[in-house]
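Read the structure below first, then the notes.
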Amino acid sequence: MGEKMLMKGNEAIGEAAIRAGCRFYFGYPITPQSELTAYMAKKLLKMKDAAFVQAESEIAAISMVYGAAATGARAMTSSSGPGISLKQEGISYLACAELPCVIVNIQRGGPGLGSIQPGQADYFQATKGGGHGDYHLIVLAPSSVQELVDLTMDAFDLADKYTNPAMILGDGLIGQMMEAVEFKERKKIDLPDKEGWILTGCKGREKKYIVPFNLDPYEMEKINLKIQEKYKKIIEKEIRYEAINLDNADLIVVAYGTVARIVKTVIDNAKKEGINIGLIRPITLFPFPEKIIAETSEKINKVLVVEMSYGQMLEDVKLAANGKAEINFYGRAGGVVPTQFEILTEIKKYLT
Amino acid sequence: MKKVFGSPKSLTKVPFTYCPGCHHGIAHRLIAEVLDEFGVREKTVGVCPVGCSVFAYVFFDCDMICAAHGRAPAVATGMKRAKPDSIIFTYQGDGDLASIGTAEIVHTANRGENITVIFINNAIYGMTGGQMAPTTLIGQVTQTSPYGRDPKTMGYPIKVAEMLSTLKGVAYISRVALSKPAYILKAKKAIRKAFQSQIEGKGFSLVEILSTCPTNWGLSPIEANKWLEENMIPYYPLGEFKTPEEVS
Amino acid sequence: MLERIIISGFGGQGIMLMGRLLAYAGMLEGKNVAWMPSYGPEMRGGTANCTVLISSKEIGSPIVSHPKILIAMNQPSLDKFEPNVSENGLIILNDSLIEREVNRDDVSVIRIPADDIADKLGNSRAANMVVLGACVKKSKVVKMETIFKALEKTLAGRNQDLINLNKEALKQGAELVED
């Protein structure tokens, strides 16, 4: 419905969050996502019933999100690799307490302080828990600025629907890039009522509490089983992916985010050379689109996983294929983005 | 017959599980009485820490949330910002507030967040079994200062009330003790002032409560009270360090 | 069609704005566009560059290794990107700051004395618009009217004199090249 706007990825996330009803942002500056923090400051500090706090640390920021989320508010924080590592403590608490929120990771090259150029090496951290304990985030991986907008809005809904933290796993390239975006009018969806668990004072009811612990192991196991049940539902209902050119492909590439865009260019160029490449682009990294990968890889047999890491999503692709297909890998990391030429050269290796 | 004494509404009927002679129970009761007196129980959320008082959520009859170790002031910030009309207090020990949560308490105070912090200083780690706290006194023997706290390698006991009272964002700070009835009455007044300061929107308030840990100090409850008065009070003087400035 | 443009110069020459105007204009003309800045410490002084893609189809890789058009606002930019320009490509350079000849003989070259013209217009900071005007006229990646529209949208709320000055600079740049 809305008119098209030219927006930087990081700012588009901010605008999408605000349009999704997020009024509370807590964060700490870090490249390459600082424009998002600045955007939230610019907007939220001028809004009623809203707050922006530049926290003293990433650890404090995620704990502020935890507090705001406990009151039922839509809250968000954002960072990049080193800052996301610091947030893991709070993320584990949020997952255990089953509090909804959105966490944005605009990935950069790691490990350590790493670089400030794009990376995808936080995949394990995002999809396998990241902090202590058995838990999962709902992880969404946009590959364009428009998708950053749409998935940010979806992330708030999914977080509320499953009372679970959701993560936007982007990278420095789409965070910094400007593209045309449209803020489409969204269908109203029914979300569960928060009244049952929010903490706003016990007027007219019994007191409630949110305590992400239980020293009785059998009780703590029950908490675990409850969230595991929830993950099963998420896996059943929320898998999303984009599939291109899967029929009659000579080889299937599995890639997400920025890398998947580059692969789309590779597909076009390969076609000119008579090579048929298919692409499976997971949009949800948790839940992971295992079934389509299993079916396609068994049929095509040649699979190349491309990442800006040394093979993290690769492990999930291998688990999905379960030994029934040849799974190959190409990766660049540390902030280096693989080029279309490199990827095509790599593909040709497996087609002789 | 006229009822002259009863349990505050802001406490549940669950008996305290704290060790004999521990001051947590008295501190809980004083907070509960103040919440009752201000009539704010139904709009209060308490933030409990990691440490012995992680179980505070069981004893307070108001909404409660448990924060990660040291992060209670940040959690309180998020709650108060999202619901400015609610009354938010944190209840934190010395390891929680003055060690792992130093950044959070300093910056929450510095932002002048309109919350109330109850800081229990018993100069030792209770729940983990008697290790050195940032507030452990010089020479004091603990599991991790077995030859006594040596300032050359372990630093000096942190005076939290004094340190935070230098910050402009702070409205009210006092230090009290609970080792005898006269002190308890003063402590109650201080807690009242702290919550009043929050209710009136004046900004950050903190009451540091010198408390005993007979179990980990290896003393009887009576000896512990005596030890507190003879050793802690001389180093951690009681009194108000900052009171709300009058609105000009 | 897929236009691949790299714009490069010193920080402070308005490199990012040139790219944003092209992308904005492309969007206004209903095309798919992407704008990518170089980011990081080099933003604060030193060289700055950005990439613009304008396409009738979905834009895949936003990374341009071989631009069809290079706008070089200073000598280091020409040195860095000249070898990468695709065959039959176009190099537009700021003649006021670049003395050397272009080494390639398989590309078209246009030299624009951008700083000199901007100085005559009374604002040396309009040099970027002079070059952009020449680029738009020569390459036709977007229409000049659309660049004007993009300029008005981008600088909305700013001084109208500034917008007029930029428009004049765009026009003067365009006049230096033939259709």
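The values are calculated or read from the model by the stated rules, or taken from the named source; none is laboratory data. On a predicted model such as this, the values are computed, not experimentally measured, just so you know. Every residue, glycine as well, gets a Cβ built from its backbone with ideal geometry; the counts of neighbours run over all protein chains shown. These area figures cover heavy atoms from the full protein model, side chains too; ligands, DNA and RNA do not enter into them. Shrake-Rupley method; radii C 1.70, N 1.55, O 1.52, S 1.80 Å.
Numbers for the structure displayed
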item: Per-residue ³J(HN,Hα) for segment A:181-190, Karplus 6.51 cos²θ - 1.76 cosθ + 1.60, θ = phi - 60°, Hz, x for Gly and Pro; result: 10, 10, 9, 6, 5, 9, 5, 6, 10, 7
item: Solvent-accessible area buried by pairing A with C, both sides, nearest 100 square angstrom, 1.4 angstrom probe; result: 1800 Å²
item: Percent RCO, i.e. relative contact order, over segment C:2-175, from Cα pairs under 8 Å lying at least 6 residues apart; result: 22 percent
item: Among beta bridges that DSSP assigns inside segment B:24-242, antiparallel share in %, nearest 5; result: 15 percent
item: Distance (nanometres) between label positions extended 7 Å along Cα→Cβ at residue B:156 and residue B:223; result: 3.0 nm
item: Sequence-distant residues sharing a close amide H with residue B:60 (under 5 Å, placed H); result: B:12
item: At least 30 Å² accessible surface lost relative to isolated chain, residues of segment A:70-105 (1.4 Å probe); result: A:71, A:89, A:93
item: For residue A:4, residues with placed amide H under 5 Å, excluding near neighbours; result: none
item: Cα-Cα separations in segment B:24-139 greater than 16 Å, expressed as whole percent; result: 57 percent
item: Hz values of 3J(HN,Hα) by residue in segment A:6-17 - Karplus curve (6.51, -1.76, 1.60), Gly and Pro given as x; result: 8, 9, 6, x, 4, 6, 5, 4, x, 5, 4, 4
item: Charge dipole of chain A about the Cα centre (unit charges at C-beta), most positive-ward option of A:149, A:90, A:301; result: A:149
item: Nearest-0.05 FRET efficiency for residue A:46 and residue A:191, computed from C-beta distance (R0 35 Å); result: 0.80
item: Helix A:290-300 vs. chain A, principal-axis angle (Cα, 0 to 90°, nearest 10); result: 0 degrees
item: Qualifying aspartates and glutamates (Cα of each under 16 Å from Cα of residue A:226; at least 8 residues distant if same chain); result: A:98, A:134, A:216, A:236
item: Set of segment A:39-59 residues, backbone N closer than 13 Å to the point 7 Å along the Cα-Cβ line of residue B:163; result: none
item: Bridge type composition, segment A:241-349 - antiparallel percent by DSSP, nearest 5; result: 25 percent
item: Listed residues A:188, A:302, A:324, most fluctuating in chain A (Gaussian network, C-alpha, under 10 Å); result: A:188
item: Neighbour cut-off at most 10 other Cβ (10 Å), DSSP loop, trypsin sites (Lys or Arg not before Pro), segment C:1-80; result: C:44
item: Segment A:265-345: GluC sites (Glu not before Pro) in DSSP loop, at most 15 other beta carbons within 10 Å; result: A:273
item: Leading residue at positive end of dipole, segment B:24-242 (Cβ point charges), from B:166, B:196, B:219; result: B:166
item: Estimated 222 nm signal from helices in chain A, with DSSP H stretches of n ≥ 4 weighted -39500 (n - 2.57), rounded to 500; result: -13000 deg cm²/dmol
item: For segment A:6-48, Kirkwood radius (reciprocal of mean inverse C-alpha pair distance, Å); result: 10.4 Å
item: Highest-fluctuation residue, B:121, B:216, B:231 considered, GNM on chain B with Cα pairs under 10 Å; result: B:231
item: Heavy-atom surface of segment C:2-175, accessible at 1.4 Å and reported per residue (Å²); result: 42 Å²
item: Hydrodynamic radius of segment A:174-306 per Kirkwood, over alpha carbon pairs, in Å; result: 19.2 Å
item: Residue A:3 paired with residue C:84, simple spin-label distance in nm, labels 7 Å along Cα-to-beta-carbon; result: 3.4 nm
item: Computed over chain A: relative contact order in percent, which uses C-alpha pairs under 8 Å that are six or more apart; result: 18 percent
item: Computed helical MRE - 222 nm, chain C, DSSP H runs ≥ 4 contributing -39500 (n - 2.57), nearest 500; result: -12000 deg cm²/dmol
item: Gyration tensor verdict on segment A:1-136 (Cα atoms; rounded if a/c is under 1.5, prolate if a/b is larger than b/c, oblate otherwise); result: oblate
item: Relative contact order (%) - criterion: Cα under 8 Å, at least six apart; region: segment A:226-312; result: 40 percent
item: Share of Cα-Cα pairs in segment B:102-238 lying beyond 17 Å, as whole percent; result: 61 percent
item: Ranking by accessible area, most exposed first, for A:316, A:134 with a 1.4 Å probe; result: A:134, A:316
item: Eligible lysines near residue C:167 by straight Cα distance, threshold 16 Å, same-chain separation 8 or greater; result: C:120, C:137, C:143, C:149, C:153
item: Euclidean distance of C-alpha centroids, segment A:1-69 and segment B:183-248, integer Å; result: 38 Å
item: Stretch in chain C that is longest and holds no GluC sites (Glu not before Pro) that DSSP places in a loop and that have at most 13 other beta carbons within 10 Å; result: C:102-177
item: Highest average packing first - A:274-282, B:16-24, A:198-206, Cβ atoms within 10 Å; result: A:274-282, B:16-24, A:198-206
item: For A:254-262, mean number of other protein chain Cβ atoms within 10 Å; result: 2
item: Estimated [θ] at 222 nm from DSSP helical runs (n ≥ 4, -39500 (n - 2.57)) normalised by residues in chain B, nearest 500; result: -8500 deg cm²/dmol
item: At 0.692 mPa s and 37 °C, Stokes diffusion of the protein assembly as shown via Kirkwood alpha-carbon radius, µm² per second; result: 113 µm²/s
item: Rounded tilt (10° steps) of A:81-97 against the dominant C-alpha axis of chain A; result: 60 degrees
item: Carbon and sulfur %, accessible surface of the protein assembly as shown computed with the full protein complex present, 1.4 Å; result: 52 percent
item: Unit Cα scatterers, Debye sum, chain A: log10 I(q)/I(0) for q = 0.06, 0.09, 0.10, 0.12 Å⁻¹; result: -0.22, -0.49, -0.60, -0.85
item: Among beta bridges that DSSP assigns inside the protein assembly as shown, antiparallel share in %, nearest 5; result: 30 percent
item: Whole-angstrom Cα spans of segment C:48-179 along principal axes, big to small; result: 40, 39, 29
item: Max mean-square fluctuation residue, GNM over chain A, Cα-Cα springs under 10 Å, options A:322, A:301, A:105; result: A:322
item: Projected label distance in nm at residue A:220 and residue C:154, using a 7 Å step from Cα toward the beta-carbon; result: 5.7 nm
